[in-house]
Amino acid sequence: MYKDLLTLRDINRSELDELFELTGKLKRERGTFEGNVLKGKSIGLIFAKSSTRTRVSFEVGVHELGGNPLYLDQSRMQIGRGETVADTANVLSRYLHGIVIRTFSQQDIEELARVATIPVINALTDEYHPCQILADLYTILEKSGTLNVKTVFVGDGASNIANSLMLAAKLTGMQLVVASPREYAPCQAILEECAPYVQWCEDPVEAVKNADYVYTDVWVSMGFEEERAKRLSTLAPYQVNAALMSHAAKDVKFLHCLPAHRGEEVAADVMDSDMSIVFDEAENRLHVQKAVLSMIFRNIAK
Ligand code: CP
Ligand code: NVA
C-alpha cells in the first residue's frame, strides 16, 4: 500500500502486520499517540451513497490526525451532472491532499486514482469494501490472537463484502467458506484468484461447521433496491439465526458490517446475543482507517 487503497490487492502481508500494530497503538493511546500526520491537510470525503459508520469514522479519524475532513455529496458535485472522473481528479488534486470515496463503480475510482496526484481510498463500491474488511480482520485478531481461523460468510456471495473477504483470505491465509445460493454465488474469477483459501458451499449448515466466525451482510445492497423482492425470497434460507449458529464452533462469534436488518439476513437471537461482536467491529473502523491514513501519508512524505 503506497498511495492508494482501492482493493485489498493493494496491501501485502507485511504491510498488514505493520498496519495492525499501528492500529493497536492508535486504539490504546487514542487522544495522545496520533501525532499530526495530517496537519494542514484537507481530505475530501466523497459519498454517492448513504453512510453512517464510514462517514463518521473518517471525519473523526481525519480530525484526530490533525487534518480537515471535507464531506462532499457526490450528487451535488458536477460529476453528478456529467463532468468526467478524470477532470474531477485533476481539479481536486489541486485543492485537496487526499480523497476518500464511496460510489457505485469500481472502475470510476480506479480512474480517479490513476489521474489524481493525491491518495485515493475506497470507502465502498458495488464491488469492494476494503476498509470494512481491514477492520473485520483486526477485530478477529483482537478476539482470537491470530488470523488462523475459520470464517464463514453466509448470504449474498457476490456482494462487495464477500468479494473483499475473499481477497482477505488470500492475503492472510485465513480459511473462508462462502455459503450462498447459486444465484448469488461468489464471482468465479475471484474464487479462482483466492484458491485454495476460499470455498463456496450452497448449504449453510454444512458451511458453518467448526466456524470460529460467522459473517453476514444485508441481502439488498445499496444500488440493488429494485431486486429486493427476489433477493429476500432467494436468500431466506440463509438467515443467520441461533439454530444455524448451533452448528458452528462452541465459542463462535458473529460479525456484520452493519447496517443490520433483523428478521432478514440476521435474527435478533444472534444480533443481540453474546455471540455478536458487531459494535467492536464497527468501532475498529475508526482505528484501522486512522492507521491506513497514517501509513499512506507517511509513505508519500518519504
Ligand atoms: N459498514 C459500513 O460501511 O457502514 P456505513 O454504510 O454506515 O458506512
Ligand atoms: N453490501 C452492503 C454493505 C454496506 C456497508 C452495501 O453495499 O450496501
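The values are calculated or read from the model by the stated rules, or taken from the named source; none is laboratory data. This is a predicted model, so every value here is computed, not measured. These accessible areas exclude ligands, DNA and RNA; they are computed on the full protein's heavy atoms, side chains included. Shrake-Rupley method; radii C 1.70, N 1.55, O 1.52, S 1.80 Å.
Assorted remarks:
- Size descriptor for segment 187-259, Kirkwood hydrodynamic radius: 14.0 Å (Cα pairs only, one decimal).
- Mean projection area, nm², convex hull over Cα of segment 54-131: 5.0 nm²
- Distant-in-sequence amide contacts of residue 70, defined by a placed amide H-H separation under 5 Å and a gap of 5 or more residues or a different chain, comprise 43, 44, 45.
- Solvent-free Debye scattering, log10 I(q)/I(0), computed from the Cα coordinates of segment 159-198 at q = 0.14, 0.18, 0.23, 0.28 Å⁻¹: -0.24, -0.40, -0.66, -0.96
- ³J(HN,Hα), Karplus 6.51/-1.76/1.60, whole Hz, each residue of segment 89-98, x for Gly, Pro: 4, 4, 5, 5, 4, 8, 10, 9, 10, x
- The coefficient of translational diffusion for segment 120-236, derived via Stokes-Einstein from the alpha carbon Kirkwood radius under 25 °C and 0.890 mPa s, stands at 171 µm²/s.
- If the convex hull is drawn through the Cα atoms of segment 71-175, its volume per residue in Å³: 124 Å³
- Segment 247-297 - Debye-derived log10 I(q)/I(0), Cα point model, q = 0.17, 0.22, 0.31 Å⁻¹: -0.61, -0.82, -1.17
- Pairs of alpha carbons in segment 94-139 separated by more than 17 Å make up 36% of all such pairs.
- Equivalent ellipsoid semi-axes - Cα gyration tensor, segment 1-128, angstrom: 25, 17, 14
- Solvent-accessible ranking of 238, 2, largest area first, probe 1.4 Å: 2, 238
- Of all accessible heavy-atom area on the chain, the percent that carbon and sulfur account for (1.4 Å): 48 percent
- Each stretch of four or more DSSP H residues adds -39500 (n - 2.57); spread over every residue of the chain, this sum gives -13000 deg cm²/dmol at 222 nm.
- Over segment 1-71, the hull volume per residue, using the convex hull of the C-alpha atoms, is 107 Å³.
- Using C-alpha pairs below 8 Å separated by at least 6 residues, the relative contact order for segment 189-302 is 26 percent.
- Given 170/209; 143/250; 27/143; 3/25; 3/170; 3/41, the pairs whose alpha carbons are separated by over 19 Å: 170/209; 3/25; 3/170
- Bins of 10 Å, starting at 0 and running to the largest distance - Cα pair percent for the chain: 6, 29, 35, 22, 7, 0
- Hydrodynamic radius (Kirkwood) for segment 177-302, which is based on Cα pairs only, to one decimal in Å: 16.3 Å
- Å² of accessible area per residue within segment 26-164, as computed with a 1.4 Å probe and no ligands counted: 41 Å²
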